[in-house]
Amino acid sequence: MNKTNPGNFFEDFSVGQTILHATPRTLYEGDAALYTALYGSRFAVESSDEFAKLAGYDTSPFDDFLVFHIVFGKTVPDISLNAVANLGYAECRFLKRVYRGDTLSATSEVIGVKENSSGKTGVVYVRSTGTNQNGEIVLQFARWVMVNKRDVSSRAQEPVVPELADHVAAQDLGAACPPVVPEDWDNALAGSSNRWGDYKVGEKIDHVDGMTVEEAEHMLATRLYQNTAKVHFNQFEQGKGRFGRRLIYGGHVISIARSLSFNGLGNAFHISAINGGRHVAPLFADATVFAWSEVKDVAEIPGQNGVGALRLVTYATADTPCAGFPGRADKGYDDGVILELDYWALMPR
Amino acid sequence: MNKTNPGNFFEDFSVGQTILHATPRTLYEGDAALYTALYGSRFAVESSDEFAKLAGYDTSPFDDFLVFHIVFGKTVPDISLNAVANLGYAECRFLKRVYRGDTLSATSEVIGVKENSSGKTGVVYVRSTGTNQNGEIVLQFARWVMVNKRDVSSRAQEPVVPELADHVAAQDLGAACPPVVPEDWDNALAGSSNRWGDYKVGEKIDHVDGMTVEEAEHMLATRLYQNTAKVHFNQFEQGKGRFGRRLIYGGHVISIARSLSFNGLGNAFHISAINGGRHVAPLFADATVFAWSEVKDVAEIPGQNGVGALRLVTYATADTPCAGFPGRADKGYDDGVILELDYWALMPR
Amino acid sequence: MNKTNPGNFFEDFSVGQTILHATPRTLYEGDAALYTALYGSRFAVESSDEFAKLAGYDTSPFDDFLVFHIVFGKTVPDISLNAVANLGYAECRFLKRVYRGDTLSATSEVIGVKENSSGKTGVVYVRSTGTNQNGEIVLQFARWVMVNKRDVSSRAQEPVVPELADHVAAQDLGAACPPVVPEDWDNALAGSSNRWGDYKVGEKIDHVDGMTVEEAEHMLATRLYQNTAKVHFNQFEQGKGRFGRRLIYGGHVISIARSLSFNGLGNAFHISAINGGRHVAPLFADATVFAWSEVKDVAEIPGQNGVGALRLVTYATADTPCAGFPGRADKGYDDGVILELDYWALMPR
């Protein structure tokens, strides 16, 4: 009998099924240092224990996207090893701060299946949950992927398409946010004089800087997340494929864009939710990533007086500076756009 | 007088001589994180403190091969700086678990010398020992290298060739293994439903996945191990040599192969001994490494009822998928084979 | 209003002005491991807690240059984002040991401004100070950079050029040095049998080894230091510039040279001061760095009987082995020289 993991095919998923993913992972100082070296992120809360404590954390927490990548990575061998495409995310909420020494595990529940008309593939919807060593949920998100069928002639499952919210409601934000006291927040140390109240709906911010990506970097990152998707690592195989190149993990693009966004959003210390995300085009090594953001909404968070929420849509591009704010175009996206990410970030008031 | 290390030449070694190697090294979380980022290893014991504790460890231990590379690296400036070739390993035993904060030092004893008929080189056999800060032996192995003579006309030493075991006996395994309770071992979290009893002698497992190697990666790894062998780092010099390329440290190949072997051997949580190894051909950056393993023997370990041992021979290849199990051929090895590693891995029963 | 950091221009600096830099940074095990992986440094004090304690440290301290790069990196967004050139360093003193868990912050005082005759640029002199979480100064240095004017027609400031010492005096050395007891220092573990008394003024040491640099490596390093200088990261932009390449952070060259210098200066365990430094030529990826050092002075340190100081000038080169000691030439420097660094290192007596 085959002892290697063939991944799951469309027929292997059924609504209500729960999958416990392998390889619990304890996060430590080393993960934080690597994350800094990979993206150069400069948000003060994730950089300094002292700053984090003044902001109400026990100590410096892990970057929210590092937590996301770790939990996401665990789901790959079971959910998306045979994925044709990652179609989307929704309802992603960060629910608990993650500190050094915490151990993360992941489970996924299948919440939808829908065979495509071709009969060759289907869309699988899952809700994935990351928990810490105390069983507390630190992160939850829905995603849907297009997966190959094992057997084209197999009978179609009854389609179930879950209703997923367009965006996380403001009242559901802030679960992982500490009790920030705005007067204790030092703008100079944080690197920005702009607080929540300084941002207006419709405002566009070019993050200016660009970061070129190397093969070694995205592979180091993706392995750190123990994400096993084959397309990121195997040039021998990828060289024969459609692009002739290794594809860079979409989460690597997200983290680069987040890091670049410090220049303009320096006080956006915490990602509270991801409303949705689309990897518009693949990224390959040697390209330079740029980013810009639009403020889509501003919201108060019930019961949290020290912080406010900004709904941001951040676009990342490849080899395309963002002074002209490339984004959605009539039929899709402007040239160069590789990522559209819609999320809620928190800022001190 | 020259203050730089010229390394030792064949004439500098004599049987019975003991060498204390430089640079004791304290291992920490950062080393573990880098190891994960470099190889993407997913063995649960090395990934999770919680899982490790349930398996009987105090906390998550360091990967056995990381320990090996650290100890090996220390021996390089004294043993193999002038080596023409690393000829082999034998009798390698992991004797003590290594945890965060442990400091490793290394010594080597010369156990054999044999001049080659050319008069230009000789083979030196050493037994190297890694100890922790309490003086406990964590690792011991024999290796032999071909070393240049300083002076071709120097008189040949009396040849001494040590007898080295073909393989470590089963009764000598398990010294570093904790008291695993099979019922407490969670297959789903570990990522494999196959236990020791599910593997049969002669079984061959293609580990399927491939990993492309970048120059930056192998140099980061080899520096992390403080291995100073010049051939890995200096393209200016290597560019003029036989291959025109930097040679990748053989241990880097071992760690890649071990990481790939998770897919098929996910419960092989601990390397207890290395019986022998051969770097069949050099690896260069940009190649994609694949691997497969054959079960050469299965053994119970006296006094350890929770685990059993698998004697595995893992072959790694460059740019050669392993569905056809490339390995030994009539006169040597099949094309593409770069590593043959014979070792004992432990699995829960 | 623009929310991104445009950096400061010449007109924004005035003598006496103090700037608190953003992003305090807690250093941990992960930073040390990455530093080892990036440079392969083998100095025993920074490698082993046990060795460091015997030398009088509380535990293994961070590498002095890592501390320098972290503090330097913080100053970049405010001081040198619009710099045309880094002109020099002086009066750099390491004043306090930095251990895991320490949080570093940085401030700079403007100590000089002088407009260039072109009217387009000016030289800004700052004294930068790194402090730990207790407010203790760990590092202080002066540097001067050429900065663009915002407006060529703006009126020239009154020029102020500070007097900076040619070198740090011996009596000002040793503030961060523990009370080393020479008898407790193990040469074999340290990797060198040469103590302070074995080095003579005028002695030249070729450090022999070469290290080739990859794009991924210098970017990982520079991001680890949260240094945001654009020229290191953005190939899209740099590709259009004078060199067509990303420039490698000068501090990366310093750390490579320091690491190479282990081979010949293995007991130079601590950098106490940097007298001056010049980045003679830029370094680009794929080049191989070599280094050699000259002993410029030897000095006793008042009140520290266990150690002595060596004033060293280390030259680094690109693709130029250093057996011939390439350095200053009649009109500048010999071909291949990229760095001249004048500093005080301490050794046990």
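The values are calculated or read from the model by the stated rules, or taken from the named source; none is laboratory data. All values reported here derive from a predicted model rather than from experimental measurement. Here Cβ is always computed from backbone atoms with ideal geometry, including for glycine, and neighbour counts include all displayed protein chains.
Data table
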| item | result |
| --- | --- |
| Residue within segment A:292-315 that is at the interface with another protein chain (Cβ under 10 Å from one of its Cβ atoms), assigned to a loop (DSSP other than H, G, I, E, B) and in contact with a helix residue (DSSP H, G or I) (Cβ under 6 Å, 6 or more places away or on another chain) present | no |
| Within segment B:184-198, considering residues that are more than 8 Å from chain A (Cβ to nearest Cβ) and in contact with a Leu (Cβ under 8 Å, 6 or more places away or on another chain), the one surrounded by the fewest Cβ atoms within 10 Å (Cβ to Cβ) | B:Asp184 |
| Elements of type strands (runs of 3 or more DSSP E) contained in segment A:73-141, each with 2 or more residues being closer than 19 Å to A:Gly7 by Cβ and among the hydroxyl-bearing types (Ser, Thr, Tyr) | A:103-115, A:121-131 |
| Members of segment A:274-288 found to be in contact with a helix residue (DSSP H, G or I) (Cβ under 6 Å, 6 or more places away or on another chain) and either of a type in the set (Gly, Ala, Ser) or not in a loop (DSSP other than H, G, I, E, B) (or both), listed by number | A:His279, A:Ala285, A:Thr288 |
| Qualifying residue in segment B:63-71 (condition: surrounded by 22 or more Cβ atoms within 10 Å (Cβ to Cβ) and among the acidic types (Asp, Glu)) | yes |
| Among residues of segment C:20-35, those that are of a type in the set (S, T, N, Q) and surrounded by fewer than 24 Cβ atoms within 10 Å (Cβ to Cβ), counted | 1 |
| Verdict on C:Gly241 being touching a helix residue (DSSP H, G or I) at 6+ places or on another chain (Cβ under 9 Å), surrounded by fewer than 17 Cβ atoms within 10 Å (Cβ to Cβ) and more than 25 Å from B:Thr4 (Cα to Cα) | yes |
| From the options A:Val45, A:Val84, residue that is buried (at least 21 other Cβ atoms within 10 Å of the Cβ) and either among the hydrophobic types (A, V, I, L, M, F, W, C) or at positive phi (or both) | A:Val45 |
| Qualifying residues in segment B:235-254 (those that are part of a helix (DSSP H, G or I) and away from chain C (no Cβ under 14 Å)) - the one farthest from B:Ser41 (Cα to Cα) | B:Gly250 |
| Check on B:Ile301, at pLDDT 95 or above, under 15 Å from the mean Cα position of the chain (by Cα), of a type outside the set (Asp, Glu) and under 28 Å from B:Ser193 (Cβ atoms) | no |
| Checklist (1) assigned by TED's automatic domain parsing to the domain that holds A:Val126; (2) aliphatic (A, V, I, L, M); (3) at pLDDT 95 or above; (4) over 17 Å from A:Val110 (Cα atoms) applied to A:Ala90, failing item | (4) |
| Scan of segment C:211-234 for residues that are surrounded by fewer than 23 Cβ atoms within 10 Å (Cβ to Cβ), within 7 Å of chain A (Cβ to nearest Cβ) and not in a loop (DSSP other than H, G, I, E, B), ordered by number | C:Lys230 |
| Residue within segment A:202-210 that is within 14 Å of chain C (Cβ to nearest Cβ), surrounded by fewer than 19 Cβ atoms within 10 Å (Cβ to Cβ), farther than 17 Å from A:Val295 by Cβ and of a type in the set (Gly, Ala, Ser) present | no |
| Qualifying residue in segment A:252-264 (condition: on the phi > 0 side of the Ramachandran plot and touching a strand residue (DSSP E or B) at 6+ places or on another chain (Cβ under 6 Å)) | yes |
| Candidate set: segment A:115-133, residues that are more than 24 Å from the chain's Cα centre (by Cα) and touching a residue at least 12 places away in the same chain (Cβ under 8 Å); chosen: the one surrounded by the most Cβ atoms within 10 Å (Cβ to Cβ) | A:Thr121 |
| Tally, over segment C:1-60, of residues that are part of a helix (DSSP H, G or I), among the β-branched types (Val, Ile, Thr) and touching a Lys or Arg at 6+ places or on another chain (Cβ under 8 Å) | 1 |
| Subset of segment C:321-349 [crowded, with 21+ Cβ neighbours inside 10 Å, touching a Phe, Trp or Tyr at 6+ places or on another chain (Cβ under 8 Å) and not aliphatic (A, V, I, L, M)] | C:Cys322, C:Pro348 |
| Members of segment A:244-264 found to be closer than 24 Å to B:Tyr39 by Cβ and crowded, with 18+ Cβ neighbours inside 10 Å, listed by number | A:Arg246, A:Leu247, A:Ile248, A:Tyr249, A:Gly250, A:Gly251, A:His252, A:Val253, A:Ile254, A:Ser255, A:Ile256 |
| Out of A:Ala291, A:Ala329, A:Ala287, sole residue that is more than 30 Å from A:Asp186 (Cα to Cα) and at pLDDT 95 or above | A:Ala287 |
| Selection count, segment C:315-331, where residues are touching a residue at least 40 places away in the same chain (Cβ under 8 Å) and more than 21 Å from C:Leu247 (Cα to Cα) | 4 |
| One residue from C:Phe10, C:Phe51 being under 18 Å from B:Gly101 (Cα atoms), buried (at least 24 other Cβ atoms within 10 Å of the Cβ), more than 20 Å from the chain's Cα centre (by Cα) and aromatic (Phe, Trp, Tyr) | C:Phe51 |
| Qualifying residue in segment C:147-166 (condition: under 30 Å from C:Ala323 (Cα atoms) and more than 14 Å from chain B (Cβ to nearest Cβ)) | yes |
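The rows are residues; the columns are (1) in contact (Cβ under 8 Å) with a residue 12 or more places away in the chain; (2) under 18 Å from the mean Cα position of the chain (by Cα); (3) surrounded by 12 or more Cβ atoms within 10 Å (Cβ to Cβ).
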{"position": "B:Gly135", "(1), (2), (3)": "no, no, no"}
{"position": "B:Leu139", "(1), (2), (3)": "yes, yes, yes"}
{"position": "B:Arg150", "(1), (2), (3)": "yes, no, yes"}
{"position": "B:Arg155", "(1), (2), (3)": "no, no, no"}
{"position": "B:Val161", "(1), (2), (3)": "yes, no, yes"}
{"position": "B:Ala176", "(1), (2), (3)": "yes, yes, yes"}
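The rows are residues; the columns are (1) touching a Phe, Trp or Tyr at 6+ places or on another chain (Cβ under 9 Å); (2) more than 13 Å from chain C (Cβ to nearest Cβ); (3) among the basic types (Lys, Arg); (4) touching a residue at least 60 places away in the same chain (Cβ under 8 Å).
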site	(1), (2), (3), (4)
B:Ala22	no, no, no, no
B:Leu27	yes, no, no, yes
B:Leu34	no, no, no, yes
B:Ser47	no, yes, no, no
B:Leu54	yes, yes, no, yes
B:Asp58	yes, yes, no, no
B:Phe62	yes, no, no, no
B:Phe72	yes, yes, no, yes
B:Ala83	no, yes, no, yes
